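Each remark here refers to the structure printed beneath this line.
Nothing in this text is a laboratory measurement; each read-out follows from the coordinates by a stated rule. Since the model is a prediction, treat every value here as computed from it, not as a measurement. No Cβ is skipped: glycine too gets one built from the backbone with ideal geometry, and neighbour counts run over all protein chains shown.
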There are 2 protein chains.
Amino acid sequence: MLRPRSILLMPQHEHDPCSSCAARGYSVCSAIDDKDLGRLAATAVVRDLAKGETFIEEGDSASDFFNVTRGTVKLYKLLPDGRQQVTGFAGAGHFLGLAVSNTYAFSAEAIEQSRVCRFSRPKLRELLHDFPALEERLLQTACNELVAAQEQMLLLGRKTARERVASFLVARLETGIPCVNPSDAIALPMTRGEIADYLGLTIETVSRTFSRFKAEKRIAIPSNTEVVILDRPWLSGIAAGLQ
Amino acid sequence: MLRPRSILLMPQHEHDPCSSCAARGYSVCSAIDDKDLGRLAATAVVRDLAKGETFIEEGDSASDFFNVTRGTVKLYKLLPDGRQQVTGFAGAGHFLGLAVSNTYAFSAEAIEQSRVCRFSRPKLRELLHDFPALEERLLQTACNELVAAQEQMLLLGRKTARERVASFLVARLETGIPCVNPSDAIALPMTRGEIADYLGLTIETVSRTFSRFKAEKRIAIPSNTEVVILDRPWLSGIAAGLQ
DNA sequence: CAAAGCATTTGACCTGGATCAATGAGCCAT
DNA sequence: ATGGCTCATTGATCCAGGTCAAATGCTTTG
């Protein structure tokens, strides 16, 4: 009776990380049938990340791809003097590292306790070859990111500070894990500084804009990591550039 | 002896637009063998565009994909009050319309006399099915655009006006049709206003920055549609945020 | 529960780039 | 050539958001 015991003793995520993965539903992995999950699990290496841990460094040789399965990571680019632009926040299900080049074009850092699934480039290539649906899914993902990137360019190039913050809040509400937004509460795992670096603003401007929305009764701020939308239509209007 | 005559009379681009296409080399079409070009030509519809003509309108139902084969088009997004963000300029070889959604996420307008090749969505789907290399090529294209978009976010969110203009000039030099930059001359088919809308600045700031670079002997401006880079290393330094 | 260490907020002031306003410079069409 | 375009340049002024400088919480740790 050794077999059952060994399975019991083995942490489940080491036995079959994929079938029990919280991100299984949303991520690109959903393109792979349950019966082939073992193959996927054998290819992936799970890595836990502490808050603040950087796991992709811009310019490094792009040897791996990642899939975020827990927590949140920020993707960013730096200028030599330390100015930082956050290009996105990636939560569970997000696929990272799509690049034709041999080096990463951005850095990635966990902004809270997180977990990623790592695939080596050659192994992912094999997977893509064996599961054409996966390639199609990746193309879809890339297209969606491109659309999001264009929206962000509009925000960074042409929107006011108020419009940027409103856009950020509304987008967070929409991007939330589907149907899991009791009332209109948003979790903000990132700091004000990270929001500022995402919106092309300063910490002070983000904070002031939050305070003003709060004074105008459009939002409530129960804690530093949580915002409640009180007047969603109004915020959506501001975000869209109306008025 | 009717056959040769009919071919002679027929404009070549109606006979086989693809084999004689100037963009054949760079575009996604390069993923398709010469022997299959007829198939590609049968799928595509050539359309000539006058300067200022809009051929994709944000929000319209996304029924077609396009490949620019001549001239230059600008891709842009608008806010209700008319503020405009140009998300990119697409020259010969550029593929447009990648989107999962059913509506276009941006508008596109020819900024000079141009020509595009139009593919209907279902027909492109067929092509993708029959030529897996094409799908792979599209994924590569999408990845490259994603990298460019992230770079542009850094520019829009964190660079100064000087750095933006320098980045624009250096990028134009690099993106030029490979090995066809006699000296360091850049063609600028777009107006100052379009450059401004691309860089998140105003016409006046773009013009002033050009004038200043010129006064500092870093560039020359032989005409409104042409710039010559005189000090490329210096401009690259500014573009990268050094100094 | 005090002290240290952050992240955040708030206030006072400053500035890079926007806005407003002419002026100049090509480019047609007549 | 000349008047009427449009696009680009240049100057003067203004202001949204940046910078600098204190407070004010929140955690964490001893």
Discussion item. Report the Rg/Rh value for segment B:17-57, based on alpha-carbon coordinates and the Kirkwood definition of Rh.
Written reply: 1.05
Response to the item:
For chain B, whose charge dipole is built from +1 on Lys and Arg Cβ atoms and -1 on Asp and Glu Cβ atoms, the candidate among B:S101, B:S211, B:L79 with its Cα farthest towards the positive end is B:S211
Practice prompt. Return one number: the angle in degrees, 0 to 90 and rounded to the nearest 10, between the long axis of the Cα atoms of helix A:121-130 and the longest principal axis of the Cα atoms of chain A.
Written response: 80 degrees
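Checking the a/c ratio against 1.5 first, then a/b against b/c, what shape does the Cα gyration tensor give for the protein assembly as shown?
Numbers: a/c = 1.76, a/b = 1.19, b/c = 1.48.
It comes out oblate by the Cα gyration axes.
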Fill in: Nearest 10 degrees, 0 to 90: helix A:203-215 Cα axis against chain A principal axis
70 degrees
Worksheet item: Could you state the number of Å between the C-alpha centres of segment B:50-113 and segment A:180-224?
Response: 33 Å
Discussion item. Mean-square fluctuation check for chain A, GNM, Cα pairs under 10 Å: which of A:S101, A:S120, A:S27 is largest?
Written reply: A:S101
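With 32 Å as the limit, write out which pairs from A:K74/B:K123; A:K214/B:K74; B:K35/B:K77; B:K74/B:K159 have Cα-Cα distances beyond it, or answer none. Numbers along the way, then the final one.
Values: A:K74/B:K123 38 Å; A:K214/B:K74 39 Å; B:K35/B:K77 39 Å; B:K74/B:K159 22 Å.
Pairs exceeding 32 Å: A:K74/B:K123; A:K214/B:K74; B:K35/B:K77.
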Discussion item. Run the numbers for B:Q140 and B:D48: contour at 0.36 nm per residue of separation, minus the present Cα-Cα distance, in nm.
Written reply: 30.4 nm
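Kindly provide the helix-only [θ] at 222 nm of the protein assembly as shown, computed as the sum of -39,500 (n - 2.57) over DSSP H runs of four or more divided by all residues, to the nearest 500 deg cm²/dmol? Don't jump to the answer; show the numbers that get you there.
Working: 18 runs with 202 residues, N = 486.
Result for the protein assembly as shown: -12500 deg cm²/dmol, rounded to the nearest 500.
Would you work out the charge dipole size for segment A:187-238 about its Cα centre, treating the Cβ of every Lys and Arg as +1 and the Cβ of every Asp and Glu as -1, and quote it to the nearest 20 debye?
On the way: 7 positive and 6 negative charges, 47 e Å.
The dipole magnitude comes to about 220 debye.
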Practice prompt. Put a label point 7 Å from Cα along the Cβ direction on A:Q243, then list its distances to the equivalent points in the other copies in nm, shortest first.
Written response: 4.0
Fill in: Kirkwood hydrodynamic radius (C-alpha pairs) into Stokes-Einstein, segment A:7-151, 25 °C and 0.890 mPa s, D in µm²/s
155 µm²/s
Worksheet item: If you bin every alpha carbon distance in segment A:159-240 into 5 Å steps from zero, what whole percent lands in each bin?
Response: 3, 16, 29, 30, 18, 4, 0
Discussion item. Please give me, ordered by residue number, the trypsin sites (Lys or Arg not before Pro) of segment A:125-226 that lie in loop per DSSP and have at most 15 other Cβ atoms within 10 Å.
Written reply: A:K217
Item to complete: Take chain B, connect every pair of alpha-carbon atoms lying under 10 Å apart with a spring to form a Gaussian network, then pick out the residue of B:C29, B:C117, B:C143 with the largest mean-square fluctuation.
Response: B:C143
Practice prompt. Quickly work out the A:T175-to-B:E112 label distance, labels modelled 7 Å from Cα along the C-beta direction, and quote it in nm with one decimal.
Written response: 3.7 nm
Item to complete: Give the nm distances, rounded to one decimal, from A:S19 to the matching residue in every other copy, measuring between label points 7 Å along Cα toward the beta carbon; shortest first.
Response: 5.6
Response to the item:
Taking the label point 7 Å from Cα along the Cα-Cβ vector, the copy-to-copy distances for B:E136, listed from shortest in nm with one decimal, are 1.8
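If you place +1 on the Cβ of every Lys and Arg, -1 on the Cβ of every Asp and Glu, and leave all else neutral, what size is the dipole of chain A about its Cα centre, to the nearest 20 Debye? Kindly include the intermediate steps, with their values, before the conclusion.
On the way: 29 positive and 29 negative charges, 108 e Å.
My answer is approximately 520 debye.
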Worksheet, complete the sentence: Going fewest to most other Cβ atoms within 10 Å around each Cβ, B:I229, A:I221, A:I186 line up as A:I221, A:I186, B:I229
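Report the Rg/Rh value for chain A, based on alpha-carbon coordinates and the Kirkwood definition of Rh.
Details: Rg = 19.8 Å, Rh = 19.6 Å.
Looking at chain A, the ratio lands at 1.01.
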